[in-house]
Amino acid sequence: MRFFSRLLFLLLILTAIHQNSKAQNVEVKTLGKGIVFEPDDNSYSLKLGMRFQSLYVGEWNLEDDFYSDQALVRRARLKMDGHIYSKKFTYKVQLGFSNRDTRNSSSGGIIQNSGTSNIVLDGVIKYNPVSDFEIWFGQTVLPGNRERLISSQKVQFVDRSLLNSSFNLDRDVGVQIRNTSMLGEMVVRQMGAISIGEGRDITTKNPGGYSYTGRVEFLPFGNFAGKGDYTGPDLEREEDVKLSVGFTYDFNDGAVRSRGHSGGFVYTNGGELVKNDLHTLLADAMLKYQGVSIHGEFANREADNDNGFGTGTAYMGSIGYVFGDNIGLSGRYATLTKTGNFSSLTEHSEMTFALSKYFSGHNLKIQASAGYLDYVSRDDLMRFQVHMEIAF
């Protein structure tokens with residue numbers, strides 16, 4: 001956190017410099033929209049934003065009647081975005097400073113990452129040559145399942161489901177395209193990516209092949225209000241029924257991590273990396289109407305060789321409702337089964353209920369959940385979580 005404090009101090013100095021410059025326009029947006037810097041010649045813009053989540057987790061082992069808990073800063077992130085040279089060139093940089101962001105098997109503290117903390121979540125440049133078409137260069141989230149595409153700031157529960165934790169494609173470095181077209185009255189979005197395949201900010205040379213991702217989304221009743229197809233609850237209270245259905249396929253050629261873009265690196269007994277071709281199929285749907293949100297997902301991953309990779313199938317379904325005083329109730333069920341004798345996944349199911357209070361949308365909220373985790377080969381648990389989100 002020392003680095004985070006120094007960075008904030010530096011930003012405060014930069015803010016003071018900008019505010020004292022006659023050629024610089026500084027605009028303080030509403031809550032959640034950040035602080036915007038832009039010169040008079042409009043040659044660039046910089047929007048600064050920050051958010052953090054405090055989290056309490058308690059787990060009750062139902063077999064030995066033992067209760068354990070912890071409290072932590074789950075996420076602490078700084079976001080910078082804007083345009084440079086012209087509005088056709090935009091960028092996004094997001095840094096994560098919590099231990100959970102920087103020290104785990106999918107980010108920092110590994111040999112392939114030079115053993116260092118990995119604070120860079122996003123670093124991407126977007127080029128918009130024509131309307132509704134963009135080319136992205138750099139590191140950011142791949143066009144995977146909807147639950148992962150929904151920001152952790154805007155989820156309906158304290159955390160995402162077991163389907164997402166085991167099958168999401170997460171972030172990678174490469175090139176992506178985004179396009180939106182119309183098929184009659186229906187909105188159709190096409191997304192594609194070619195990426196390194198080993199996840200975010202790996203410093204070693206690419207040991208296998210590339211990853212190829214394609215996604216298509218169909219919105220038969222038009223766009224959601226406030227990009228509601230990429231948020232959990234229906235805070236916009238859609239006046240008409242809105243539906244989005246998405247399909248993703250990812251082929252990771254010569255993957256060396258158990259889940260492709262994340263998870264542990266797989267080695268032979270002799271210490272050599274194991275290469276495997278992974279095929280991931282994802283399907284999801286989101287429906288919203290007058291405060292009601294219904295969200296379902298399917299995930300499947302198969303490998304050419306059964307040798308310790310995360311192969312299996314999962315399902316997730318959730319339903320929620322936001323009352324007029326911005327209190328939300330929601331429930332979710334998810335289940336996972338592994339395939340093959342050596343899959344690294346853990347078979348289990350979860351049933352979760354959540355209560356949320358949105359003081360200022362997702363910019364200031366408190367959420368609590370209680371879940372039952374039913375494991376096939378481990379002790380069953382009750383999990384209790386409470387977190388608060390603050391963003392500006």
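The values are calculated or read from the model by the stated rules, or taken from the named source; none is laboratory data. Being a predicted model, the structure only gives us computed values, none of them experimental. Cβ sites come from the backbone with ideal geometry, for glycine too, and all protein chains shown count toward neighbours. Ligands, DNA and RNA are excluded from the accessible area calculation, which covers all protein heavy atoms including side chains. Shrake-Rupley method; radii C 1.70, N 1.55, O 1.52, S 1.80 Å.
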For segment 137-157 the number of residues that are of a type in the set (A, V, I, L, M), open to solvent by less than 10 Å² (accessible area, probe 1.4 Å) and out of contact with any helix residue (DSSP H, G or I) (no Cβ under 7 Å at 6 or more places or on another chain) is 1
Considering residues that are open to solvent by less than 20 Å² (accessible area, probe 1.4 Å), in contact (Cβ under 8 Å) with a residue 60 or more places away in the chain and out of contact with any helix residue (DSSP H, G or I) (no Cβ under 6 Å at 6 or more places or on another chain), the number found within segment 273-294 is 3
In segment 239-260, anything modelled with pLDDT of 95 or more and surrounded by 20 or more Cβ atoms within 10 Å (Cβ to Cβ) is listed as LYS242, SER244, GLY246, THR248, ASP250, ASN252
Pairing a residue in segment 314-333 that is more than 18 Å from SER165 (Cα to Cα) with any residue that is outside any strand (DSSP E or B) and among the aromatic types (Phe, Trp, Tyr), where Cβ atoms lie under 9 Å and the two sit 6 or more apart in sequence or on different chains, gives GLY320/PHE157; ASN326/PHE359; LEU329/PHE323; SER330/PHE157
Within segment 346-370, the residues that are at pLDDT 95 or above and over 22 Å from LEU55 (Cα atoms) are GLU347, HIS348, SER349
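Report whether or not ASP234 is of a type in the set (Asp, Glu), closer than 30 Å to GLY308 by Cα and open to solvent by less than 40 Å² (accessible area, probe 1.4 Å).
It is false that ASP234 is of a type in the set (Asp, Glu), closer than 30 Å to GLY308 by Cα and open to solvent by less than 40 Å² (accessible area, probe 1.4 Å).
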Problem set entry | Residue check, ASP306 free of Cβ contacts under 8 Å to residues at least 12 places away in the same chain and open to solvent by 20 Å² or more (accessible area, probe 1.4 Å) | no
Within segment 172-197, the count of residues that are part of a strand (DSSP E or B), closer than 17 Å to LEU281 by Cα and either open to solvent by 30 Å² or more (accessible area, probe 1.4 Å) or modelled with pLDDT under 95 (or both) comes to 2
Among strands (runs of 3 or more DSSP E) entirely within segment 1-81, at least 3 residues that are modelled with pLDDT of 55 or more and within 22 Å of the chain's Cα centre (by Cα) occur in 46-61
By residue number, the members of segment 281-325 that are over 21 Å from ASP229 (Cβ atoms) and of a type in the set (Val, Ile, Thr) are THR311, THR313
Matching residues in segment 114-160 (over 24 Å from GLU236 (Cα atoms), at pLDDT 95 or above and either of a type in the set (Val, Ile, Thr) or in contact with a Cys (Cβ under 8 Å, 6 or more places away or on another chain) (or both)) number 5
Has segment 199-222 got any residue that is free of Cβ contacts under 8 Å to residues at least 40 places away in the same chain, among the β-branched types (Val, Ile, Thr) and either surrounded by 20 or more Cβ atoms within 10 Å (Cβ to Cβ) or in a loop (DSSP other than H, G, I, E, B) (or both)?
no
The lone condition SER262 fails out of (1) under 23 Å from VAL155 (Cα atoms); (2) assigned to a strand (DSSP E or B) is (2)
Of the residues in segment 128-154, those that are touching a Ser or Thr at 6+ places or on another chain (Cβ under 8 Å) and under 20 Å from GLY371 (Cα atoms) number 2
Of the residues in segment 367-392, those that are loosely packed, with under 15 Cβ neighbours inside 10 Å and either within 19 Å of the chain's Cα centre (by Cα) or under 15 Å from PHE323 (Cα atoms) (or both) number 0
